[in-house]
Every structure is written in structure tokens, then in C-alpha cells.
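**Q** The structure follows.
Every number in this text was worked out from the coordinates using simple rules, so none of it is lab data. Keep in mind that this is a model prediction, so the values were computed, not measured. Here the Cβ positions follow ideal geometry from the backbone for every residue, glycine too, while neighbour counts run over all protein chains shown.
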């Protein structure tokens with residue numbers, strides 16, 4: 001069933017924006033006799049029947065509201081900025097792996113550098129990539145993308161989360177060791193993983209994460225590229241806590 005997101009709340013009847021209508025009816029060539037699944041800005045999800053198209057906007061009628069598949073854990077990725085397609089790939093795959101929130105931060109070894117104006121332009125593209133990935137994989141909620149915050153600010157904002165940092169020099173604790181304790185601790189509802197840039201974190205950044213209550217973890221006995229570490233760690237979290 002075709003899945004779409006709109007920026008207005010759901011109701012008994014809804015109107016799809018022009019760009020969404022064009023994609024659904026004229027690019028995807030959706031058969032109007034078949035229902036679609038829609039998630040609104042109120043995070044409700046429903047099955048709708050498109051009844052007609054007026055001035056380039058599809059009109060749809062509610063068939064039934066459906067229950068959203070919400071995980072018992074909120075997963076948060078704090079990703080240092082990466083170059084070009086690497087970051088876009090991470091955002092796409094993280095969305096497919098049901099990430100809830102992604103913070104993109106600039107850290108000391110980040111090769112990619114953006115001023116505020118370019119960062120906001122990039123953010124528009126990144127949000128589109130995540131939207132398309134969410135529609136493709138059939139998830140009911142859009143992940144949240146946050147740009148422009150410093151690492152220290154993110155650690156403060158997410159102070160209640162279980163904070164992990166993937167560190168290639170960690171030889172005492174694996175991510176599995178830490179996650180195996182989560183199922184027995186009902187107070188933990190938010191899982192945050194920090195992934196560094198291509199050149200890794202500097203030691204003072206690792207220390208800052210640990211001093212905020214974070215735990216340094218190993219992702220295995222090989223050194224992973226930044227984009228591999230991001231998706232690998234999210235897959236490990238999902239396997240350990242959801243499957």
C-alpha cells in the first residue's frame with residue numbers, strides 16, 4: 001500500500017498537497033481505486049481512498065485510522081558531519097532502521113564544513129531523503145532531523161538517554177555488553193549513539209561524552225568507516241532490543 005506523509009493533521013477528509021498529488025498520481029501512477037496510507041502532522045496514521053483530483057490536489061476520504069507501530073525505545077543518532085553522499089546514505093539507511101532522532105554535529109575532525117546558510121539548504125535536502133526513505137520502507141512516523149547544535153548541547157538536551165560512543169580504542173566493553181543490560185532496566189527508554197567523522201573523535205570529545213554519563217563501546221575487532229559504524233551500530237541496537 002502506498003505510504004505518504006502530509007504536513008497537516010488527519011481528518012475525515014483530507015487534501016493532498018500539489019507535489020504529493022503529482023508524485024502519487026502522475027509519477028507513481030497510483031490506481032485511485034486502491035487505498036493509501038497517510039500520516040499527518042499530528043502523528044496519526046490512517047487508510048484513505050482518493051476520490052478525485054481538483055486543481056492538482058487529490059481529495060481523499062478516511063477509511064479507518066490505523067495504529068502506529070511505535071518502538072518501546074527511542075533511538076537517537078548523533079552523527080558528526082560527513083562528506084557528500086556518505087552522510088546522505090547514513091540518513092537514508094538510519095531512517096529504514098527506524099531511527100527516531102538524528103543530530104548532525106560538527107566536530108574537530110569533520111572534513112565537511114558548512115556555514116549557517118548552506119547548512120539550512122543542505123538540511124532541506126537531507127529531510128527530503130529521509131522522507132522518501134520513510135515512505136519507501138513503510139514506517140508510520142517521520143524521524144526528526146536536528147542540525148546546528150554543538151555536541152555539548154546535544155549531550156545536555158538528551159541528558160536522560162543512555163549515551164554510547166563508538167570508539168575504536170575501546171577494548172573493555174562492546175556495544176552488546178551494554179545493551180544486554182537495558183532489557184532489565186525499565187528506566188532506560190532512550191538510547192543514544194555517538195558516531196564520529198571520517199577522522200574519528202579527538203580524545204577530548206570522547207572524554208566529554210563519558211563525563212556526561214556516556215559509555216565508550218567497541219563495535220567489533222575491526223576499524224569501521226564512519227558511515228559503516230553508524231548503520232552497523234543502529235542495526236545492533238535494533239537487533240538487541242527489538243527482534
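**Q** In a solvent-free Debye calculation with one equal scatterer on each Cα, what is log10 I(q)/I(0) for the range 10-77 at q = 0.12 Å⁻¹, listed in the order of the q values?
**A** Debye intensities relative to I(0), on a log10 scale: -0.35.
**Q** Give the angle, between 0 and 90 degrees and rounded to the nearest 10, that separates the Cα long axis of helix 116-137 from the longest principal axis of the Cα atoms of the chain.
**A** Approximately 70 degrees, to the nearest 10.
**Q** Next up: With N set to the residue count of the range 1-134, report its C-alpha Rg divided by 2.2 N^0.38 Å to two decimal places.
**A** 1.23
**Q** Suppose the chain between residue 171 and residue 109 were pulled fully straight at 0.36 nm per residue; how much longer would it get relative to their current alpha carbon spacing? Walk me through the intermediate numbers first.
**A** On the way: separation 62, 0.36 × 62 = 22.32 nm, distance 2.24 nm.
Stretched out fully, the residue 171 to residue 109 stretch lengthens by 20.1 nm.
**Q** For a distance above 14 Å, tell me the whole-number percent of Cα pairs in the range 160-212 that qualify. Before the final figure, lay out each step's value.
**A** Working: 782 of 1378 pairs.
Roughly 57 percent, once rounded to a whole number.
**Q** Take the chain, compute every pairwise Cα distance, and split them into 5 Å bins from 0; I just need the percent in each bin.
**A** Answer for the chain: a P(r) of 1, 6, 13, 16, 16, 14, 11, 9, 7, 4, 2, 0, 0 percent.
**Q** Ratio of Rg to Rh for the range 114-243, alpha carbon only, Kirkwood? Please list the in-between numbers first.
**A** Numbers: Rg = 15.7 Å, Rh = 16.2 Å.
In the range 114-243, Rg relative to Rh is 0.96.
**Q** For residue 146, put the label point 7 Å out on the Cα→Cβ axis and report which residues of the range 104-124 keep their amide N under 16 Å from it.
**A** Of the residues in the range 104-124, 104-107 have backbone N under 16 Å from the label point off residue 146.
**Q** Could you grab the relative contact order for the chain? Cα pairs under 8 Å, six or more apart, rounded to a whole percent.
**A** Details: 424 pairs, mean separation 47.5, N = 243.
Once divided by the residue count of the chain, the mean separation gives 20 percent.
**Q** Output needed: percent of Cα pairs per 10 Å distance bin for the range 109-153, bins running from 0 to the one holding the longest distance.
**A** Reading the bins upward from 0: 23, 44, 27, 6.
**Q** Can you tell me which of 25-34, 192-201 comes out highest on packing, and rank the rest after it, using the mean Cβ neighbours within 10 Å? Provide the component values of the computation, followed by the final result.
**A** On the way: 25-34: 11.6, 192-201: 22.9.
The densest-packed peptide leads the list: 192-201, 25-34.
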